[in-house]
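Take a look at the structure set out below.
Nothing in this text is a laboratory measurement; each read-out follows from the coordinates by a stated rule. Everything numeric here is computed off the predicted structure, so don't read it as measured data. Virtual Cβ from ideal backbone geometry, glycine too; neighbours counted across all protein chains shown.
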Amino acid sequence: MKPSLRFVISLFCVSATGVFAQNSGADRLAQAYQDRILTESTSSMKTDDHIAMYETLVKAQPEIAHYQNLLAGAYIQKVRESMDFSYLDRASQIVNAVLAQDSKDYEAARLRTEISLERHDFRTAAQYSTALTEWSPMDPWNWGTLGDALTELGEYEKAADAYQKMVSLRPDLSSYNRAAYFRFVYNDPVSAEKIMRMAIAAGSPMAENTAWCQVELGKILLKTGKLKESGQSFQTALRLFPNYHPALAGMAQVAAAQGDWKTAITAMKRAQAATPLPDYAAALYDYFTAADEPKEAEKQKEMIFVIDDLGQATKEKANRNLAIIYADHDWKLDRALELAKAELDVRGDIYTYDALAWALYKTRNYAAAADAMKTAMQFSTPEPAFYYHAGLIAGALGNKEEARSLLKKALELNPNFDTRQALAADRALKELS
Amino acid sequence: MLTNFRRTLTLAVFACASTFAASHRNGPLLLEDQTANLNDLYVFRSYEAGRGDYLVMSMSVQGFQNPDNGPSYYKFSDSVLYRFNINNQRGLDGNPDIQIDFLFQTQLRPNPTFVSYFGALKGIDDPGIFLYQTYTVAIRNLATNTTTYIDMDRNGHALSVAPPNIGPKTTPDYEPTFGHPSVFTLANGIRVFAGPRDDAFYFDSGATFDTLNFRPPAPILTGAADTNSGGASYPSAVDGFAGYNISLIAVEVPIKMLTPDGTFPTDTTKPNAHIGVWASTHRQMVTVRPSPADPIHYGNYVQVDRVGNPLTVEALIPLPVKDFWNRSAPAQDQQFAQYIGNPFFASGILNGVFGLKVPPAPRNDLLGVFVPDIMRVDLTIPPTPPASQNRLGPLAGDNAGWPFGGRRPIDDVVDIGLRALAGVLVKGFGVAPNTELGDGVNSNDVPLQNVFPFHAAPHAGYLHSQENGTNGRGTATQ
C-alpha cells in the first residue's frame, strides 16, 4: 500500500519531534507541537495508515514509550473496526511491555483498562479505572472506563456517577454517547435520542467513532418504532464509514421489519462477510426462513453450531448472545441456560439478566425466570424484547392481565422488533385475548 | 464442499473472538476532539480604510484542512459554542466582561446527490448548497446581565456560513461571489463572518522539529532575510501551514461598544484604553440520570478549549496539564506561572543548545504577557496602514502588532516569540543574535486581504496540489 503524502508528512513531523524530544530531554515545546501537529495532520487518516505510521516510528525509536502506546491505541481502534482480536493481543503485548519498563506509564495504564474491557474482564477494568481516577481525577477517560465497567457489572447508580463526572469534565462524543445510553436504559428514549445526536454533532477525528454513535442512534430509533429515521441513521453511518458491519446489520433489520427479505439478506450477508457474528447468522437464518429458502437458512444454523462447538473447545463458558439465539429458536435449550448462567459470573447488567430469564423460561423454570426478568426490567428500559420475554413469563405463571399488558407494550414500542419474536408476541397476545 | 466448510470454519473461529466485542457496549473514547479545537486568535484595530475605530477579533478552528477534502468538506459543530471573551475592567484580571458567542445550526437541504454542494453555484443562497449552515450571534454584557441574540443581518438575511471553495466549476469567482457576500452587517453596526479561509499562520515547522535543523540563513536572520518579504523561499524555507485552510469566525465591533464607559479611548494611561481578549469553545453538559422534575435537563456550557496569545499552550504549558489548562479560566492562570516564568525553551534550547545569553528566571517579561493568558490590546495605538506594517510588530517599531496592539494576521508570532523568549524585551538582552532569531519563513503563503475578515480566501479544492512538495504553497486563492 502506497502511503499518502499526509502520512509521509506526519511521519516526518513526528519523527523529527521524537528526535528532538529524545535529544533534549523533557522538551515541552517539541512535545506540545508533536501533539498538535500529530493530531491535526493525522485526523483524516485511516486506521491502517495510523498503524503503518506508528509501526514505523516504533521500529525507528523503540525506546520512546509514547510511540508504543500510540501504536497500541491504533491496534485497539482496529479491533473496534474489524473485530479482529489478534490486534488486541498485539496491543496487550505492547502495553504489558511498556508497563514492565515503567509501571507509572499513564498512557499505557489507560490502555490496559481498555484492553480489560474488550476482554470482558470487567472487575479488573473497574479496579484499574478506580486506581486511575485517583491517579488523575481530572481525566474524563478514566471516569468513562469506570462507568463502562460498572455498567457491565450491573452497578448502575455508581456508573451514573462516573459518567456524570465524565460529561461534567468534558462534554464530547465519548461522554455524550454514554449519557445517551444511560438515558435509554433509564427509560428516557426521547432524551437518549437527543443526547446521541449531540454526540454525533460533536464528532471525532476517527470516522468510525461518529459512525458508531450514528448506529447507536439508529438502534434507539428502531427499538422505539421510528423505522424510517432509523434507516436514515444507519445509512448515514455507512456514508461516514463504508462497509461498517453494525450499520449494515441495522439496514438489514430495517428492511426485515418492512418484510423486504431480499434487501435484508443482502445487507446482512455484507455485515456477515465483514464480521461473522453469530447474531448475524441467526438473523440470516430468520430471513432465509421467511423468504422460503430453507437450505440457505440451514447453512446459517450450522454456522452457529460450529461457532458454539469451537467456543466449547476453547473452554468458553459464557455467551449471552448464543444463549438468546438458542432460546429464540428453541435450539439446544440446556446449553442456552448454561451459557446465560455462566455470563452472570462475568457481569450482571440488565441484558445478561434478560438472557438468563429467557433461557430459564424456555427451560420451563418460570419462577426463576420471573425473578431474573424483574432485575432486567428494573428501569423499565424500552427494549421491546424485554417486554416480550416478560409477557410470556407472566403468562406462564398465570398472570394473564399482566402478560397482555407487557406483550402489548412490546408491540407498541415496535410492532416489528424482531423477525420471529414479533410474530410470536402477536400470536401470544391474540391467544391471551 | 470442503472449501465451503473450511470457509465457514474460518469465519466461525473468527466469530468466537468477535462475540466478545459484539456483546458489550464499547463506546468510543476520544484521544482528540477536532471540532472544538481552537488554533489561533487574532485581535487588532481594523486597518481597513475608514474603519480604524473598529476592533477585529477572529478565531481559527479545525486546522490543516485539505482544500479538496470533499464531498462534505469541513463544517462548524452545532454542539459547540464558540466564544470571544472580552475583559475591559479591573486591570485586566482575566475575567470576562463581555462575551460574543457564535452558535451554529446545520440544515441538510433536500439532496438528490451524494455530495454536499452541486452544480455551478451562483451565490450564498444557491439551493445547490445542500449542507447549509447558519449561525446566531449572542452578545452578552455580564455587567448588566443582558444578552442580545441576532440571527439575521440588517437586511433580514440569515447569517450563513460561507461555502467551501470547491473549484472554478462549482464555486466560480469565489471571493466576490461567496466570500465577501458572507460578511454580514448587523443592525448594531457589528460585522461578522464565518467560513473557510487560508490559514494565515506561517512557520517552518518541519525544520524546527528536525532537531532545530533550520534552513540557512535561519535561525539568524539579518539584512534582507529579516524583512517582510525577505526570508528564504521554498525549498530554503518551508511554510508547514501553506496550502491548508482553516475555519474562521470573525467579528468586527465598534471600539466604543467594548470599553466600559462607552467612549473611544485616547489616553493610554486611562483604564478604558486596554482590553484583553481570549477565545474559548464550550459544549453543553447533560445530566446522565433522568430527572422526574425536568426530564430533558441540559446543564450549563462547559469550556473545552481556550486560546489567548499564540504559542502559550504549545510553548509554555506542559502536556500533562494541558487539558486542565484548557478547562481553566485565564483569571486562574497564576497557577501556571511556574511553567511560564521559567520556560524550558529559553533555558534548555536557546541557552543550552545554541549558547545564547538569555535572562534568568523568573521571566517577569513573559509573565506580563502570558499571565493571565489574554490577548492584550492598547486601543489607543492607531492601526498601521497595510503598506507600512512590519511582521515583527513592536520589535520593529510597528506597535499595532503582537504583543502590544493585539495580533494581526501578518504578525510573525514565531519570530517575535523566539526573540521574546531570548529576552529582547529585557534590558541588556536586546542584542544580536537574540534580536535576529527566526525560522526563515517571513510571510504567509498567499497575500492577506486588507478588508474584513482579512484572512485570504480559502484554497480551492480543484487547484489544490501537494505534488510539488510545497504543501500547495503558492496555490492561487481568489
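Would you mind ranking A:427, B:215, A:335 so that the residue whose beta carbon has the fewest other beta carbons within 10 Å leads the list? Don't skip to the end; give the middle numbers.
On the way: A:427 11, B:215 20, A:335 17.
Ordered from fewest to most neighbouring Cβ atoms within 10 Å, A:427, B:215, A:335 come out as A:427, A:335, B:215.
Between region B:365-433 and region A:314-382, what is the separation of their alpha carbon centroids in Å?
69 Å
Compute the distance from the alpha-carbon center of region A:172-229 to that of region A:49-75, in whole Å.
Comparing the Cα centres of region A:172-229 and region A:49-75, I get a distance of 32 Å.
Express the relative contact order of chain A as a whole percentage, based on alpha carbon pairs under 8 Å and six or more residues apart in sequence. Walk me through the numbers on the way to the answer.
Working: 616 pairs, mean separation 38.5, N = 433.
Result for chain A is 9 percent.
DSSP loop GluC sites (Glu not before Pro) in region A:306-405 with at most 12 other Cβ atoms within 10 Å of their Cβ, which ones? Don't jump to the answer; show the numbers that get you there.
Values: sites: A:316, A:338, A:343, A:401, A:402; in loops: A:316.
Within region A:306-405, no GluC sites (Glu not before Pro) qualify (loop, at most 12 other Cβ atoms within 10 Å).
With a cap of 10 neighbouring Cβ atoms within 10 Å, and only residues DSSP puts in a loop, list the trypsin sites (Lys or Arg not before Pro) found in region A:130-210.
Values: sites: A:158, A:165, A:178, A:183, A:194, A:197; in loops: none.
The qualifying sites: there are none.
Can you flag which of B:322/B:427; A:78/A:219; A:341/A:362; A:317/A:341 are past 21 Å Cα-Cα?
Numbers: B:322/B:427 32 Å; A:78/A:219 23 Å; A:341/A:362 14 Å; A:317/A:341 9 Å.
Exceeds cut-off: B:322/B:427; A:78/A:219.
Roughly how crowded by other chains is peptide B:60-67, in terms of the mean Cβ count from those chains within 10 Å of each of its Cβ atoms?
Values: counts 0, 0, 2, 6, 11, 3, 3, 0.
Going residue by residue through B:60-67 and averaging, the value is 3.
Of B:186, B:225, B:134, which is farthest along the charge dipole of the protein assembly as shown in the positive direction, counting Lys and Arg as +1 and Asp and Glu as -1 at C-beta?
Farthest along the dipole direction, towards plus: B:134.
Taking the Cα centre of chain A as the origin and placing charges on Cβ (Lys, Arg +1; Asp, Glu -1), which of A:395, A:190, A:113 is farthest toward the positive end of the dipole?
A:190
Please give the peptides A:130-143, A:405-418 ranked by average Cβ packing (other Cβ atoms within 10 Å per residue), highest first, as a rough proxy for protection. Numbers along the way, then the final one.
Details: A:130-143: 17.9, A:405-418: 19.9.
Descending mean neighbour count gives A:405-418, A:130-143.
Taking residue A:295 as the anchor, which aspartates and glutamates have their alpha carbon closer than 18 Å to its alpha carbon, excluding any fewer than eight residues away along the same chain?
Reachable aspartates and glutamates: A:286.
Rounded, prolate or oblate: which one fits region B:347-394, using the alpha carbon gyration tensor with axes a ≥ b ≥ c (rounded when a/c is under 1.5, else prolate when a/b beats b/c, else oblate)?
oblate
Given axes a ≥ b ≥ c from the Cα gyration tensor, I'd like to know whether chain B is rounded (a/c under 1.5), prolate (a/b larger than b/c) or oblate.
Numbers: a/c = 1.40, a/b = 1.25, b/c = 1.12.
Note, shape of chain B comes out rounded.
Quick check: residue separation of residue A:131 and residue A:228 times 0.36 nm, minus the Cα distance between them. What number comes out in nm? Kindly include the intermediate steps, with their values, before the conclusion.
Working: separation 97, 0.36 × 97 = 34.92 nm, distance 4.44 nm.
Between residue A:131 and residue A:228, full extension yields 30.5 nm more.
Compare A:313, A:256, A:271 in a GNM of chain A, Cα atoms joined below 10 Å, and give the one with the largest fluctuation.
A:313
Determine the shape class of region A:234-280: with a ≥ b ≥ c the square roots of the Cα gyration tensor eigenvalues, call it rounded for a/c under 1.5, and otherwise prolate if a/b is greater than b/c, oblate otherwise.
Values: a/c = 2.08, a/b = 1.18, b/c = 1.76.
It is oblate, given that a/c is not under 1.5 and a/b is not larger than b/c.
Cα to Cα, under 15 Å, and not fewer than 8 places away if on the same chain: which aspartates and glutamates meet these conditions relative to residue B:122?
Of all the aspartates and glutamates, those that pass the test against residue B:122 - Cα under 15 Å, at least 8 places apart if same chain - are B:173, B:175.
Would you mind pulling out the separation of the Cα centroids of region A:244-282 and region B:165-215, in Å?
Computed from Cα coordinates, the inter-centre distance equals 44 Å.
So which lysines can residue B:270 reach, going by Cα to Cα under 25 Å and dropping same-chain residues fewer than 8 places off?
Answer for residue B:270, where 25 Å is the Cα cut-off: B:256, listed by chain and number.
Calculate the dipole size of the protein assembly as shown relative to its Cα centre from +1 charges on Lys and Arg beta carbons and -1 charges on Asp and Glu beta carbons; express the result in debye to the nearest 20.
Values: 81 positive and 97 negative charges, 206 e Å.
So the magnitude is around 980 debye.
Would you calculate a helix-derived [θ] at 222 nm for chain A, using -39,500 (n - 2.57) for each DSSP H run of n ≥ 4 and dividing by the full residue count, to the nearest 500? Spell out each step's value before the answer.
Working: 24 runs with 341 residues, N = 433.
That calculation yields -25500 deg cm²/dmol at 222 nm.
Would you mind working out the magnitude of the charge dipole of chain A relative to its Cα centre, with +1 at each Lys and Arg C-beta and -1 at each Asp and Glu C-beta, to the nearest 20 Debye? Don't skip to the answer; put the middle values down first.
On the way: 49 positive and 56 negative charges, 134 e Å.
The calculation lands at about 640 debye.
What 222 nm value per residue comes from the helices of chain B, counting each DSSP H run with n ≥ 4 as -39,500 (n - 2.57) and dividing by all residues, nearest 500 deg cm²/dmol?
It lands at -3000 deg cm²/dmol.
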